[in-house]
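Notes follow once the structure below has been shown.
The values are calculated or read from the model by the stated rules, or taken from the named source; none is laboratory data. Note that the structure is a prediction, hence the values are computed from the model and not measured. Glycine also receives a Cβ, built like all others from the backbone with ideal geometry; neighbour counts cover every protein chain displayed.
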Amino acid sequence: MDKSYSSVTESDIYQSWEKSGAFTPKIDKAKTPFSIILPLPNANDPMHMGHAVFTVQDIMVRFHRMLGDPTLWLPGGDHAGIETQFVFEKRLQKEGKSRFDYDRQTLYQMIWDFVENNRTLNQFQMKKLGFSMDWTRYHYSLESKIVGNVLETFKKLYHDGLVYRDEKIVNYCTFCGTAFSNLEVVHKNVDSHLWYIKYGPLTVATTRPETMLGDTAVAVNPKDKRYQKLIGQKILLPLVNREIPIIGEESIDIEFGTGAVKVTPSHSPEDYDMAKTHGLEFIRIFDYDGKSNQNVPEKYRALYPNQVRQMVVEDLSAAGLIEKIEDYSHEVGHCYRCGRPIEPITAPQWYLKIAPLAAPAIEAAKNGDVKFFPSRFKKTYLDWMANIRDWNISRQIVWGPQIPAWYCLDCHPNIKINFLDKNKNPVTGFYKDLKNSYSFEEIKNGLQSLVAPVDAKFNVDSHDECPDCHSHSLLQETDTFDTWFLSGQWPLSTLGFNTADPSKSSPDFAYFYPTSVMDTMWDILFFWVARMIMFGLYLAKDVPFKTVHLHARCVDAKGQKMSKSKGNVVDPLTMTEKYGTDALRMALVYGIAPASDFVISEDKIRAQRNFVNKIWNASRFVLMIIERFQEKNPKLKLSILKSPLLKGDLEGLNDDDKNILDSLNNIISSTTNDINRYHFGQASENLYQFFWHDFCDVYIEKTKDRGEEVIPVLLTVLINSLKLLHPFVPFVTESVYQIFRDKAGLEEPELITASWPKEIKF
C-alpha cells in the first residue's frame, strides 16, 4: 500500500462498479426489493452542495445492496420549467435579447440545446460523488415517453371531470410572465404607507391606492354601528365617478384603519372571495405586462403600478380626498424566482379539482400506508392537505410540455394572439382582426402565446379538425404544465406505468412500485411529496412510496438555503478535488439530525479527510503484519474465513481480543439499527468513534507487540469495519478491500456487493 490514500483512483473505482453491473438490480420475485427514486436535480445548471446531501440515499442503497436486497436507485434529470427558462433568459439579456425576440418553437429549441449541455454535467457530478445509481434506467423529464404519460394523465383527469378552466385570481409575476401557486410566493415584510381616502360619506384605509381605479365596492362589518345605515347605499368612486355599492361583510376587521375597506376583486385574493359571495363586478386594471389597461381613465393608462400610484395620490391630494397618510409595515407577496412583487390578477387558467385526489392521500397517511420521518411531519402534511385548494396547473412559459388542448380560431375569433410575422416583427391582436392580414400558417409558425376567453371551447382528443365547424385552423394552448404536475407523476412514469392502459405497465413497475423510501427536503413536502401521493393513488391505486424521509438542509454561514439565485452556492466538486469524495460525504452526514439546517464548513471536511487517512493507515498496519507473517510462512494461504493461523479459529483470545470483538458486535448491531431507522448522523458518529478510538487508539496500540497471533482478530475487525463504513465512505473502503482480497483470501470480489456484517461468534 502507498504511504497515504489518494483520491485520484476514485473514477477508476466507480467505473469498475458500473462495469460490474453492481448498480443494476435484477428482478427476483423471491426477494423483496429496495427502491429509491432520486429527487430530480435541475438540468439548468451544475449541482450544488445541497444536492450532495443525496449522500444519505446512497447510504441506504449501499446498505440494502449489501443485505442482498435487489436494490434500485433510479436517477433522472428535471427540465425545471420556469427555473430553467429564467436562467436562460438571463443569458439572453447579456446578449441584448429577450424571449420576445423568438417564436415559441425556436425559443424552446434554444433552451433544449442549453439544457442538454448541462444534463451531462449533472451526471458527471453525481458519479464523482459516488452515487451508485442505475444509469441504465436514467430518465429525463422531457423525454417522449415521460411527456406522453403526462399528457395521457391530463386527458384522463379531464374526462373524469377533474380538470377545468376558469378565470380566478392568481399570483402573477409580470416580469417572469407567468402565474404561480401560493406555495411559490415568498412573503416579505415591506415598509410602506396606509392611505386614508375619502369615499363620499366614509373614509377607507388602503395600502394600494392605485388599485382603487378597479374598485367595485366598499365593505364594512355589519356589526360596526358606525356604518350600519350605509349598507346597501351607493357612492361615487373618486377619480372614476363610477357608482359602487357599500356592502356588509363579516370578515372585515373593525379595528383595521377606519373599519371600511375598498374592494378590488381583480387584484386582491380576499376581495376576490368577497366579490364571489356578494356578486360584485370584476374589473381588471393591470394587464399581463404589468401596465394599466383600457379599464382606467385615459390619463392613467399604459403605466406601471408605482406610476399609477404616484398619479392617483397626487390627484386625490389635489382634490382634498386624502385624510391622512400613516407609515405602515405589512407582508407583500414576491416572486420566488426574480424577487419582484407579485401582482394578484384575474386570469384564465387551468385547474385541477384537488379534493377528490386529496381524500385518499389523507387516508393513506392516517392509516400508515405512508410513514413520515421525522414523524412530526405527518401532522404538517395532514394539516396542509385538509385545507388544500384547487391547483392551478398552468404556467405561461415556453419551457415544458404544452397543455394538450386545442382551440378553433374560426369558432373563437376573439382569441388574443401574440406572434412574430414572417419578418420577425411582433404582432398582437384578436384573431378576428388579424385573419384578413395574416395567414393561419404565418400565425402558427410565429406563435408566441395566446389567451382564449375563459368560456372558449377546447378539444383534448383531436387537433386536426374542429368537431363543430370542421375548420382546420386550430391552435394548441400555449400554457405549459406547472413543473410539479409532471414531477408529481415521476415514480409512475420512470418505472414504466402506462396511464392509457395500466395492464401494459412494465415489469419494473410491477416489481419496484411502490418504492421503499422517498428522501427529500421538507420544503418540498407540499410541492412534490403530497402530489406524488395523490397521483400514485389516483392512477395506480397505491402510494408511490412507503416512507417519506426528510433529510437535513445544507445552508450557508448566514443560515440561508443555498440557491443559485442567492449566489451562495458551494460547488461540491471543488471540495472533492481538494479533500476527496469520502471526506465530503462523511462531513455531510456526520452528527447531522434529519429535517434540520446545518452548515458545511471546510474545517469539517478537512477533519473527515483525516478520518479517511486513519482508515488507510490502520489498514497499512494490518497489511504489514500479514506480509511479515507470509514472509515467514510462504506455504500458508491466509483466509479470514477459515483462519488457519497459529492458534486456530479465534481460540486463545485474551481480554483485549474479546473486548474489541464485543465492541465490533455492538457496532454491527447499532449501525444496522441506525440505518434502518434513518439515523445516519448517529451511525456515522458511532462508526467514527469505534474505528478511530476502539480499534486504532486502543486495540491496535495494545497489540503492536503481540505479533502474528493477532492477525485473525485484526482482519475480522478490519474487514467488517470496511463493510460497515462502505455506505458512508465507499471509495477508500473499496480500495482497501481490493488490496486485502488476495492477501487475506477474501471470497467476495467487490466490497460494494459484499455481504453486510453479522455478529461474530467467539
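In the stretch 557-580, which residue that is part of a loop (DSSP other than H, G, I, E, B) and β-branched (Val, Ile, Thr) is modelled with the highest pLDDT?
So the residue we want is 570.
Could you tell me which residue of the stretch 632-690 is nearest to the chain's Cα centre (by Cα), considering only residues that are modelled with pLDDT under 90, of a type in the set (D, E, K, R) and part of a loop (DSSP other than H, G, I, E, B)?
This residue is 642.
Name the residues in the stretch 490-528 that are of a type in the set (A, V, I, L, M) and surrounded by 22 or more Cβ atoms within 10 Å (Cβ to Cβ), would you?
492, 495, 517, 518 - these are the residues of the stretch 490-528 that are of a type in the set (A, V, I, L, M) and surrounded by 22 or more Cβ atoms within 10 Å (Cβ to Cβ).
Starting from residues that are without any contact (Cβ under 8 Å) to a residue 24 or more places away in the chain and assigned to a helix (DSSP H, G or I), keep the ones in the stretch 1-44 and report whichever is farthest from residue 79 (Cα to Cα).
8
If a residue has to be assigned to a helix (DSSP H, G or I), out of contact with any Gly (no Cβ under 9 Å at 6 or more places or on another chain) and touching a residue at least 12 places away in the same chain (Cβ under 8 Å) to count, how many in the stretch 581-604 make the cut?
Total meeting the criteria: 7.
Of these, 748, 701, which one is among the acidic types (Asp, Glu) and not in a helix (DSSP H, G or I)?
When all the criteria are applied, what remains is 748.
Taking residue 206 and the conditions (1) hydroxyl-bearing (Ser, Thr, Tyr); (2) surrounded by fewer than 17 Cβ atoms within 10 Å (Cβ to Cβ); (3) in contact with a helix residue (DSSP H, G or I) (Cβ under 8 Å, 6 or more places away or on another chain), which numbered condition does it fall short on, given that it satisfies the others?
So residue 206 meets the others, but not (2).
If only one of 163, 170 is among the aliphatic types (A, V, I, L, M), closer than 30 Å to residue 299 by Cβ and under 36 Å from the mean Cα position of the chain (by Cα), which one is it?
Selected residue: 170, the only one of 163, 170 that is among the aliphatic types (A, V, I, L, M), closer than 30 Å to residue 299 by Cβ and under 36 Å from the mean Cα position of the chain (by Cα).
Which number in (1) under 30 Å from residue 420 (Cα atoms); (2) at pLDDT below 90 marks the one condition that residue 120 misses?
Every condition holds for residue 120 apart from (1).
Can you tell me which residue is nearest to residue 225 (Cα to Cα) among those in the stretch 246-285 that are free of Cβ contacts under 8 Å to residues at least 60 places away in the same chain and aliphatic (A, V, I, L, M)?
Looking at residues that are free of Cβ contacts under 8 Å to residues at least 60 places away in the same chain and aliphatic (A, V, I, L, M), I get 254.
Can you pull out the residues in the stretch 323-339 that are surrounded by 18 or more Cβ atoms within 10 Å (Cβ to Cβ) and either at pLDDT 95 or above or in contact with a Phe, Trp or Tyr (Cβ under 6 Å, 6 or more places away or on another chain) (or both)?
Listed by number, the list holds a single entry, 337.
Could you please let me know if residue 608 is more than 30 Å from residue 705 (Cβ to Cβ), out of contact with any strand residue (DSSP E or B) (no Cβ under 8 Å at 6 or more places or on another chain) and in the same structural domain as residue 684 (by TED's automatic domain parsing)?
Considered against the rule, which asks whether it is more than 30 Å from residue 705 (Cβ to Cβ), out of contact with any strand residue (DSSP E or B) (no Cβ under 8 Å at 6 or more places or on another chain) and in the same structural domain as residue 684 (by TED's automatic domain parsing), residue 608 comes out as yes.
Could you please find all residues in the stretch 391-426 being in contact with a helix residue (DSSP H, G or I) (Cβ under 7 Å, 6 or more places away or on another chain) and surrounded by fewer than 21 Cβ atoms within 10 Å (Cβ to Cβ)?
Of everything in the stretch 391-426, those that are in contact with a helix residue (DSSP H, G or I) (Cβ under 7 Å, 6 or more places away or on another chain) and surrounded by fewer than 21 Cβ atoms within 10 Å (Cβ to Cβ) turn out to be 401, 404, 413, 414, 415, 421, 422, 426.
Within the stretch 747-762, track down each residue that is modelled with pLDDT of 95 or more and among the aromatic types (Phe, Trp, Tyr).
Across the stretch 747-762, the qualifying residue is only 756.
Only one of these is out of contact with any strand residue (DSSP E or B) (no Cβ under 8 Å at 6 or more places or on another chain), assigned to a helix (DSSP H, G or I) and under 24 Å from residue 521 (Cα atoms): 111, 59, 82, 146. Name it.
59
Yes/no matrix, rows are residues, columns are (1) in a loop (DSSP other than H, G, I, E, B); (2) closer than 18 Å to residue 306 by Cα; (3) in contact with a Leu (Cβ under 7 Å, 6 or more places away or on another chain); (4) acidic (Asp, Glu):
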site: 243; (1), (2), (3), (4): no, no, yes, yes
site: 253; (1), (2), (3), (4): yes, no, no, yes
site: 256; (1), (2), (3), (4): yes, no, no, no
site: 262; (1), (2), (3), (4): no, no, no, no
site: 266; (1), (2), (3), (4): no, yes, no, no
site: 273; (1), (2), (3), (4): no, no, no, yes
site: 276; (1), (2), (3), (4): no, no, no, no
site: 281; (1), (2), (3), (4): yes, no, no, yes
site: 288; (1), (2), (3), (4): yes, yes, no, no
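For residue 736, are the conditions met, namely being in contact with a Gly (Cβ under 9 Å, 6 or more places away or on another chain), crowded, with 22+ Cβ neighbours inside 10 Å and hydrophobic (A, V, I, L, M, F, W, C)?
Criteria not met by residue 736.
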